């Protein structure tokens, strides 16, 4: 089977590729070819010589999707996106990449299939940004999407297109509404959500981290490892049972900042916790106030998607996957 | 104020224009100019000499939206659409008109506003086709949109764009999810929903009509007069209170076919009812089975939108507006 990963240079895309390189059997079918695409040059894994290739391509450019689809990949992971903050600031660019890029991909598949029968599986990375407040404390599977960002709007629209193209039989689509991925590896970033990872990752590396919000702030998390697991599971699962509602809110862990910190204390001790510096930031607090806190992700659980059930596990996974098992 | 009606040659568009020609004061502001646009030549009302003009324009054609917006209308009624059946059969055409046409309009407004400040009110005709089963017997304001047609998908996507463009301050948008309009004037048509009107309109004109489904079938209705009222009310209302959730499910009347027939008996007598011929059609019954039956349209009622509360009224309105008061 030929697997295409679009957005292969992003954090989750890279980890998905690493997993496929290390354990291609995890997909339940033989990977005969692996194409990695991204607007930023992706790196083909050395573990798959002769099978993996990397292409640098901007999905929003004319003809780009057609080129990717011309080789008729059997499974397409579509993770390419302009992130939330950038899509909000650069209105045209956000729509060009997140909406038009996705639509070009779907259209390219439809047109390829009109030429010669073709029915790939398409796994689309959506986001809980499709929800906007006010919403219930625990958002159910049938709650409506009222995004409060252009990014969330673009994701919600792509979910609708994914469902319609699947319903029409152009491809077999599954949309995955990812929780906030935590603990993100790498350096602290300025994203409003960055602190959820920073206050765990930096202390685990012996560094100070800034906490800009109150301990009572609650949010919805899954580890990078769980994120990779969601995509692998979606590729393996029989999508027949999913019906016309092609996008699922994935399971995650609802935790407060206080609960994160308690987990850090249990796993890494008081000296790690002491590295968290409280520096309230009203602007960040206001942004975070509008984010979902908890979900009742019943459908995804029924389909067999799994996430962590304790923040201790999320921290341990970070230590295993990013710190080579070194617990400070 | 300059008022633009796009889709002015459609059934609701025509009635809206007739109303504005007869009682322009109903909008609560002076209409200094009225532009009627449609892909099919609209007819400018004779009642507004020097004010009304008709333009034949296909919104999906390059530059069409820019041309319409160049004259900077203050209020834009956007009712242009390919109907459900055609959008389902002609995939590309449906997306070109219903999605791209709407987006071109929104983009044209955004670009015009970037040139020189411009903030029109945009009233968009959406549809209960954004909902797809399974759904509750009575669909609430926060139920999610899972369309089962390309038409419904295109309407749901346009609702999302309307909300995002409004949120960004490009225009003041309101989306109206119309009930099935009944009693449609004109000749019987082949639309799956046609019989809801046919079994009322034809007997009222002394003609036979075919009923293809069971008396227990329940659906969601408003009269053409109520539909015009929805658009007028949306133009008058202060949209500030509507918040980021820009589309409302409009009020309507939930009635069974049996209740329709009882109303016909009360208003027009047994001889009208006898003109309804029962001819079960499994194909139509199956299509109708998937349609919404009832809504809890609380938000729209709070905003002051009003529909009929009895089918007797819907029939009387048809007699007044279409039959010059002649009750057979």
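The values are calculated or read from the model by the stated rules, or taken from the named source; none is laboratory data. Quantities reported herein were computed from a predicted structural model and do not represent experimental measurements. All Cβ positions, glycine included, derive from the backbone under ideal geometry; neighbour counts span all protein chains shown.
So the values come out like this:
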read-out	value
Total residues in the stretch B:150-176, condition closer than 20 Å to residue B:60 by Cα and within 8 Å of chain A (Cβ to nearest Cβ)	6
Residue check for residue A:168: surrounded by 23 or more Cβ atoms within 10 Å (Cβ to Cβ) and either in contact (Cβ under 8 Å) with a residue 24 or more places away in the chain or more than 24 Å from residue A:224 (Cα to Cα) (or both)	no
Subset of the stretch B:178-187 [part of a loop (DSSP other than H, G, I, E, B), under 18 Å from the mean Cα position of the chain (by Cα) and within 26 Å of residue B:269 (Cβ to Cβ)]	B:182, B:183, B:184, B:185, B:186
Count - residues of the stretch A:111-149 that are part of a helix (DSSP H, G or I), touching a residue at least 24 places away in the same chain (Cβ under 8 Å) and either within 11 Å of another protein chain (Cβ to nearest Cβ) or in contact with a helix residue (DSSP H, G or I) (Cβ under 6 Å, 6 or more places away or on another chain) (or both)	4
Residues (over 20 Å from the mean Cα position of the chain (by Cα) and farther than 21 Å from residue B:237 by Cβ) located in the stretch B:23-43	B:33
Count - residues of the stretch B:269-298 that are surrounded by fewer than 20 Cβ atoms within 10 Å (Cβ to Cβ), touching a helix residue (DSSP H, G or I) at 6+ places or on another chain (Cβ under 6 Å) and assigned to a helix (DSSP H, G or I)	1
Members of the stretch A:71-92 found to be at pLDDT 95 or above, part of a helix (DSSP H, G or I) and touching a helix residue (DSSP H, G or I) at 6+ places or on another chain (Cβ under 7 Å), listed by number	A:91
Residue in the stretch B:10-17 that is under 19 Å from the mean Cα position of the chain (by Cα), modelled with pLDDT under 95 and not in a helix (DSSP H, G or I) present	yes
Residue satisfying condition, being modelled with pLDDT of 90 or more and crowded, with 18+ Cβ neighbours inside 10 Å, within set A:44, A:52	A:52
Enumeration of residues in the stretch B:299-328 that are surrounded by 17 or more Cβ atoms within 10 Å (Cβ to Cβ) and over 25 Å from residue B:192 (Cα atoms)	B:299, B:300, B:303, B:305
From A:8, A:87, A:39, A:80, residue being touching a residue at least 12 places away in the same chain (Cβ under 8 Å) and surrounded by fewer than 21 Cβ atoms within 10 Å (Cβ to Cβ)	A:39
Subset tally (residues that are in contact with a helix residue (DSSP H, G or I) (Cβ under 6 Å, 6 or more places away or on another chain) and more than 14 Å from every other protein chain (Cβ to nearest Cβ)) for the stretch B:237-256	3
In the stretch A:99-119, the residues that are touching a strand residue (DSSP E or B) at 6+ places or on another chain (Cβ under 7 Å) and surrounded by fewer than 22 Cβ atoms within 10 Å (Cβ to Cβ)	A:119
Residue A:223 being on the phi < 0 side of the Ramachandran plot, surrounded by fewer than 23 Cβ atoms within 10 Å (Cβ to Cβ) and in contact with a strand residue (DSSP E or B) (Cβ under 9 Å, 6 or more places away or on another chain)	no
Meets criteria (surrounded by 22 or more Cβ atoms within 10 Å (Cβ to Cβ), modelled with pLDDT of 95 or more, in contact with a strand residue (DSSP E or B) (Cβ under 6 Å, 6 or more places away or on another chain) and farther than 15 Å from residue A:258 by Cα) for residue A:184	no
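This table checks each residue for (1) more than 14 Å from chain B (Cβ to nearest Cβ); (2) part of a loop (DSSP other than H, G, I, E, B); (3) crowded, with 23+ Cβ neighbours inside 10 Å.
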{"site": "A:196", "(1), (2), (3)": "yes, no, yes"}
{"site": "A:216", "(1), (2), (3)": "yes, yes, no"}
{"site": "A:219", "(1), (2), (3)": "yes, no, yes"}
{"site": "A:258", "(1), (2), (3)": "yes, no, no"}
{"site": "A:262", "(1), (2), (3)": "yes, no, no"}
